[in-house]
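*Asks:* The following block contains the structure, expressed as structure tokens.
The values are calculated or read from the model by the stated rules, or taken from the named source; none is laboratory data. Values in this document were obtained by computation on a predicted structure and should not be read as measured data. As a convention, Cβ positions derive from the backbone with ideal geometry for all residues, glycine included, and neighbour counts pool all protein chains shown.
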Amino acid sequence: MKIIASLAMLLVLASAAAAEEKVVDRKSLPVALQAAISREETKGAAIGRITEEKEKGKTTYEVETKVAGHSRDLVFNAAGALLEAEEEAPIASIPAAARAAFERAGKVLKVERVTRGGVVTYEAEIEKAGKKSELAVDAAGKPLKS
């Protein structure tokens, strides 16, 4: 029994060490990142929570924003370069193949358009038989690996 408890504790500690995330104050960010966030405000974004994440030796910053009433999360590096954007999107606005893949999976609760390295994919929160899950697909509706 002690061995199982010890292994469980090690697993929890390893998971915590793999990706550290903490809320940070905007004023404590690198100047280039502060400037990138300010540019988003000039585009009409309301800035919310900012978190710093350290994973595999790399530090990124996730900035939660609201634009025109919908959520948009932006991931930057310390130099202020945009690495990823996740933007809430109406299901009618995504490619038909992606929409069909989501609708086959269950009731679509929320859709996000994800842009990473110039590549656009789609993620949805799906409900089926009372259980919620997430599904990610490309524009052709092909499921993406997690």
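*Asks:* For the range 57-88, enumerate the residues that are within 19 Å of E21 (Cα to Cα), surrounded by fewer than 16 Cβ atoms within 10 Å (Cβ to Cβ) and among the basic types (K, R).
*Replies:* Passing the criteria: only K58.
*Asks:* Hey, among S146, S133, which residue is polar (S, T, N, Q), modelled with pLDDT of 95 or more and more than 19 Å from H70 (Cα to Cα)?
*Replies:* S133
*Asks:* Another question about this same structure. Does the range 42-57 contain at least one residue that is without any contact (Cβ under 8 Å) to a residue 24 or more places away in the chain, assigned by TED's automatic domain parsing to the domain that holds V23 and under 15 Å from the mean Cα position of the chain (by Cα)?
*Replies:* Yes; the residues of the range 42-57 include at least one that is without any contact (Cβ under 8 Å) to a residue 24 or more places away in the chain, assigned by TED's automatic domain parsing to the domain that holds V23 and under 15 Å from the mean Cα position of the chain (by Cα).
*Asks:* While we're here: Out of the range 103-117, which residues are hydrophobic (A, V, I, L, M, F, W, C) and not in a helix (DSSP H, G or I)?
*Replies:* Hits for the range 103-117 are V108, L109, V111, V114.
*Asks:* Kindly establish whether E41 is in contact with a Phe, Trp or Tyr (Cβ under 9 Å, 6 or more places away or on another chain) and surrounded by fewer than 18 Cβ atoms within 10 Å (Cβ to Cβ).
*Replies:* no
*Asks:* A further question on this structure: Consider S93 against the criteria (1) in the same structural domain as V137 (by TED's automatic domain parsing); (2) among the hydroxyl-bearing types (S, T, Y); (3) more than 19 Å from A124 (Cβ to Cβ): it satisfies all of them except one. Which criterion is unmet?
*Replies:* Every condition holds for S93 apart from (3).
*Asks:* Please go through the range 91-117 and give me each residue that is among the β-branched types (V, I, T) and either out of contact with any strand residue (DSSP E or B) (no Cβ under 9 Å at 6 or more places or on another chain) or within 22 Å of F76 (Cα to Cα) (or both), ordered by number.
*Replies:* V111, V114, T115
*Asks:* Another question, if that's okay. Keeping to the range 118-146, report how many residues are outside any strand (DSSP E or B), under 21 Å from D73 (Cβ atoms) and in contact (Cβ under 8 Å) with a residue 12 or more places away in the chain.
*Replies:* Summing the residues that are outside any strand (DSSP E or B), under 21 Å from D73 (Cβ atoms) and in contact (Cβ under 8 Å) with a residue 12 or more places away in the chain in the range 118-146 gives 3.
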